[in-house]
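Everything on this sheet refers to the single structure shown next.
The values are calculated or read from the model by the stated rules, or taken from the named source; none is laboratory data. Just so it is clear, the structure is predicted and the values come from calculations on it, not from any experiment. All Cβ positions, even for glycine, are placed from backbone atoms using ideal geometry, and neighbour counts span all protein chains on display.
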Amino acid sequence: MVPEGGGVDLAASDPTPAYMSWFPYKPRRHQDKAVSHAAAVFEGKEVGLLSADCGVGKTIAVLSGYLATRAADPSSRLLVLTRTHSQSRVFEEELSGLRLKTKDRSALSATSMVSRVHVCPIKDSMDTLSSNGFLRACATLVRTGRCVHYWNFYRRDDAYGAPKVRQNALETVNHLTDSDVVTREVAEDRSADQGLCPYELMRWCARRSRVVIGPYGYLFRERVRHAFLASLQVSLSDIDLVVDEAHNLPEHVLDSEASVLSGEDLMWLRDHTSQILKDIGVDWLGEAIQFLYETMMVSLDRLGPAGELQLEKWEAVPRWIEEDVLQTLLDRTRLSLEGLDSIPTETPLDRLVDFLYTGSRSVESDDWHVTLEVRRGWREEPSFSAARLKVRPLNAAGLIAPVLKAARSVILMSGTLRPTSHYARLMGVKTARLEDLASPYPQGSRLVLIDKTISTRYQDRGPSLWRSVAEKASAALSVMPANKSALIAFPSYQIMRDVLSYGIDCGFRKRLDETPGGRIEVIQEAVEQGPHAVFCVYGGKFSEGVDLVTGGSSLLDMIIGVGIPFSPPTSYQRALQHWYERRFGEGAGYYYSTAVPSIRRVAQLVGRLRRSPSDRGVVVLLDRRFLRYIEMFGSDIAADLWPYEEVGEMQGAIRMFTEAEVGMSGQP
């Protein structure tokens with residue numbers, strides 16, 4: 001499997017090169033290049049970016065490349081980070097298949113982690129609605145000995161000793177990791193049989209596993225990373241890392257390191273200041289509460305019609321904070337259960353401490369932004385209770401790069417990491433090894449239509465535009481044979497509602513609308529039963545968080561993208577643009593802060609269309625501005641492109657495409 005000397009012979013002339021020794025299938029087009037790239041990155045202990053279209057098979061390619069270089073090293077550990085649990089399932093399935101092909105299955109042990117709240121067998125009986133509230137309730141039940149599932153897993157040697165794993169629980173851990181990929185379902189089923197805590201079972205299985213799958217936050221939240229690595233009993237330098245859907249990473253890190261304090265929080269803190277000072281014993285905490293309360297009061301008077309006001313850092317961060325005391329206060333909010341979930345900032349006091357901690361970090365550089373915002377619906381007369389102070393970072397690379405560079409090796413992969421060199425800059429790894437694979441799909445299997453007559457820019461929006469969009473979407477849907485489902489995406493739910501108010505002819509497809517709280521399973525079940533027109537938003541669960549595939553082929557044959565999902569021109573967005581200007585030069589700010597993430601959301605949607613070489617379909621982009629950014633979709637799109645002006649031209653192009661498909665299939 002590994003050549004003598006421990007290297008991977010990437011230039012081997014053998015029909016089956018060493019880097020393909022673990023690959024279990026007949027490679028798809030370009031898939032061997034993905035395996036070779038992954039193997040080279042792991043072998044060289046580098047950071048690598050891999051951009052390859054949906055359907056190439058990046059998951060098995062990267063896993064095979066890892067095993068080609070690390071199989072002979074039993075101490076190696078691979079951590080796979082995904083954005084959603086549904087994306088983790090792909091890794092679970094491929095690892096299960098790889099285990100079946102090995103003589104020693106325990107040598108490829110794997111565990112997929114989910115948060116404690118998702119698997120708790122008694123969560124429905126807890127008097128709490130939020131995940132943070134659940135963590136506190138969980139801690140209380142354990143501390144008081146009332147969680148039988150936890151104490152069926154652990155025992156105490158004496159009244160003051162640390163919990164020890166019971167022998168039967170340890171035997172279960174060993175059995176599971178030796179015999180199976182430990183998924184959420186496996187852990188829940190076995191825990192139910194033995195009355196154990198599923199989360200603790202997964203956590204101990206992860207400690208024994210060679211491959212661990214989990215969410216981004218396990219490594220890319222500063223206050224979680226150390227606890228997670230300590231639980232695995234490894235250091236970051238011991239870890240090989242794979243980040244799936246890595247195009248999401250910069251935005252995820254910026255959001256996860258932000259801190260918010262609401263007007264409701266400050267009112268509660270003022271009312272309870274005396275008790276807080278009595279319990280905590282930190283006098284300056286009371287002064288900090290009053291300081292932030294007055295900041296919010298004064299700033300509300302300066303608030304403009306947009307409901308947002310940029311603040312100077314000194315307006316939101318008290319200067320008399322004692323860093324060592326603040327760190328002690330922060331430590332008090334941590335769970336005592338060796339928890340790997342996020343910091344439980346449930347009470348206003350916890351959120352205050354978290355806000356002060358983030359604020360103290362912000363004064364150390366120009367890489368942070370402070371605002372006062374008022375929630376939508378309160379624009380005319382801003383309400384104190386609806387106001388929020390927010391501290392957010394601007395420098396994603398400064399938060400990402402130290403993690404990537406400290407790991408043993410890293411693969412960042414996605415179907416939309418284009419241009420790869422630009423994403424390398426965004427994540428602070430300009431010298432990373434880059435691979436952008438050409439499309440594996442046959443030419444002529446996709447038609448991309450771009451409307452040259454309309455634009456959804458802010459100044460053009462109104463009833464006439466939304467009516468025109470509805471008419472053009474209807475024209476496309478009605479002429480496209482309803483063999484499969486269609487996805488129609490919008491920049492926001494409000495725009496979706498405005499367009500749908502004019503009615504859309506879905507052809508012979510049933511209509512299904514995404515809602516903010518909608519479940520991914522709903523769309524999966526619906527499109528598996530028959531053709532649907534699914535109306536959704538860019539970057540949402542339905543456009544990115546679900547894989548609409550059956551038997552390896554896409555369940556979609558049409559994508560309609562309404563407008564470009566540019567971020568609203570908030571003060572934070574402007575600050576982000578200015579930060580990129582300073583970092584990358586004049587003209588780079590708009591490109592990195594606005595164009596790249598916006599077009600990427602559309603590219604993610606378009607990528608859902610083809611998942612196998614036999615898939616064919618039509619993309620309709622309703623905004624002439626797409627022509628300005630077309631190169632960001634990849635070089636292969638040029639052959640598929642058809643800009644049009646008249647609806648009749650668009651419908652004629654779709655008919656020609658579908659008639660050609662009938663001719664190719666030989667069907668009447």
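Mind checking which pairs have a first residue in region 45-70 that is at positive phi and a second that is assigned to a strand (DSSP E or B), Cβ under 6 Å, 6 or more apart or different chains?
Pairs found: K45/S409.
Name the pairs: first residue in region 356-368 and at positive phi, second residue loosely packed, with under 15 Cβ neighbours inside 10 Å and modelled with pLDDT of 90 or more, Cβ to Cβ under 9 Å, at least 6 apart or on different chains?
none
Please tell me if I560 is under 20 Å from the mean Cα position of the chain (by Cα) and modelled with pLDDT of 90 or more.
So I560 does not fit the description; no.
If we scan region 209-225, do we find a residue that is closer than 28 Å to S409 by Cα, among the acidic types (D, E) and out of contact with any strand residue (DSSP E or B) (no Cβ under 8 Å at 6 or more places or on another chain)?
Yes, there is a match, as at least one residue in region 209-225 is closer than 28 Å to S409 by Cα, among the acidic types (D, E) and out of contact with any strand residue (DSSP E or B) (no Cβ under 8 Å at 6 or more places or on another chain).
What's the number of the only condition in (1) buried (at least 24 other Cβ atoms within 10 Å of the Cβ); (2) farther than 20 Å from D238 by Cα; (3) at pLDDT 85 or above that A110 fails to meet?
Every listed condition holds for A110 apart from (2).
Quick one: what pairs do we get from region 214-231, first residue among the hydroxyl-bearing types (S, T, Y), second modelled with pLDDT of 90 or more, C-beta under 7 Å, 6+ apart or different chains?
Close Cβ pairs satisfying both conditions: Y216/L81; Y216/L249; Y216/H252; Y218/L81; S231/R203; S231/R207.
Determine if region 39-51 includes at least one residue that is among the β-branched types (V, I, T) and within 19 Å of A424 (Cβ to Cβ).
Yes, some residue in region 39-51 is among the β-branched types (V, I, T) and within 19 Å of A424 (Cβ to Cβ).
Among the residues that make up region 423-445, is at least one of them of a type in the set (D, E) and either outside the structural domain of D271 (by TED's automatic domain parsing) or in contact (Cβ under 8 Å) with a residue 24 or more places away in the chain (or both)?
yes
Could you pull out the residue among Q577, Q573 that is free of Cβ contacts under 8 Å to residues at least 60 places away in the same chain, crowded, with 18+ Cβ neighbours inside 10 Å and polar (S, T, N, Q)? Can you show your working first?
Details: Q573 fails: crowded, with 18+ Cβ neighbours inside 10 Å.
Going through Q577, Q573 in turn, the sole match is Q577.
Considering only residues of region 606-629 that are assigned to a helix (DSSP H, G or I), of a type in the set (K, R) and in contact (Cβ under 8 Å) with a residue 12 or more places away in the chain, which is farthest from K472 (Cα to Cα)?
Taking the candidates together, the pick is R625.
Taking region 213-231 as the region of interest, how many residues are over 17 Å from the mean Cα position of the chain (by Cα) and either at pLDDT 90 or above or among the hydroxyl-bearing types (S, T, Y) (or both)?
Of the residues in region 213-231, 2 are over 17 Å from the mean Cα position of the chain (by Cα) and either at pLDDT 90 or above or among the hydroxyl-bearing types (S, T, Y) (or both).
Among the residues of region 447-501, write down those that are among the aliphatic types (A, V, I, L, M) and assigned to a helix (DSSP H, G or I).
Quick first cut of region 447-501, residues among the aliphatic types (A, V, I, L, M) only: 447-450, 454, 465, 469-470, 473, 475-477, 479-480, 482, 486-489, 495-496, 499-500.
Within region 447-501, L465, V469, A470, A473, A475, A476, L477, V479, I495, M496, V499, L500 meet the criteria.
To keep it simple, each residue is scored yes or no on (1) touching a strand residue (DSSP E or B) at 6+ places or on another chain (Cβ under 8 Å); (2) closer than 30 Å to M632 by Cβ.
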position: D32; (1), (2): no, yes
position: A39; (1), (2): no, yes
position: L67; (1), (2): no, no
position: P74; (1), (2): no, no
position: E92; (1), (2): yes, no
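Residues that are at pLDDT 90 or above, out of contact with any Lys or Arg (no Cβ under 6 Å at 6 or more places or on another chain) and either on the phi < 0 side of the Ramachandran plot or aliphatic (A, V, I, L, M) (or both): does region 375-388 have at least one?
The answer is yes; a qualifying residue exists.
So which residues in region 417-439 are of a type in the set (S, T, Y) and in contact with a Ser or Thr (Cβ under 7 Å, 6 or more places away or on another chain)? Talk me through it step by step, then tell me what you get.
Of all residues in region 417-439, those of a type in the set (S, T, Y) come to 420-421, 423, 431, 439.
Selection gives T420 alone.
Counting only residues that are part of a strand (DSSP E or B) and among the β-branched types (V, I, T), how many does region 400-434 have?
Residues in region 400-434 being part of a strand (DSSP E or B) and among the β-branched types (V, I, T): 2 in total.
Looking at region 610-632, is at least one residue over 17 Å from D451 (Cα atoms), crowded, with 21+ Cβ neighbours inside 10 Å, among the polar types (S, T, N, Q) and within 26 Å of the chain's Cα centre (by Cα)?
Among the residues of region 610-632, not one is over 17 Å from D451 (Cα atoms), crowded, with 21+ Cβ neighbours inside 10 Å, among the polar types (S, T, N, Q) and within 26 Å of the chain's Cα centre (by Cα), which makes the answer no.
Condition first: among the polar types (S, T, N, Q) and either at pLDDT 80 or above or surrounded by fewer than 17 Cβ atoms within 10 Å (Cβ to Cβ) (or both). Now tell me which residues in region 521-557 satisfy that.
Q524, Q529, T550, S553, S554
Any idea which residue in region 404-441 is surrounded by the fewest Cβ atoms within 10 Å (Cβ to Cβ), counting only those that are touching a Pro at 6+ places or on another chain (Cβ under 8 Å) and under 23 Å from L609 (Cα atoms)?
The qualifying residue surrounded by the fewest Cβ atoms within 10 Å (Cβ to Cβ) is D436.
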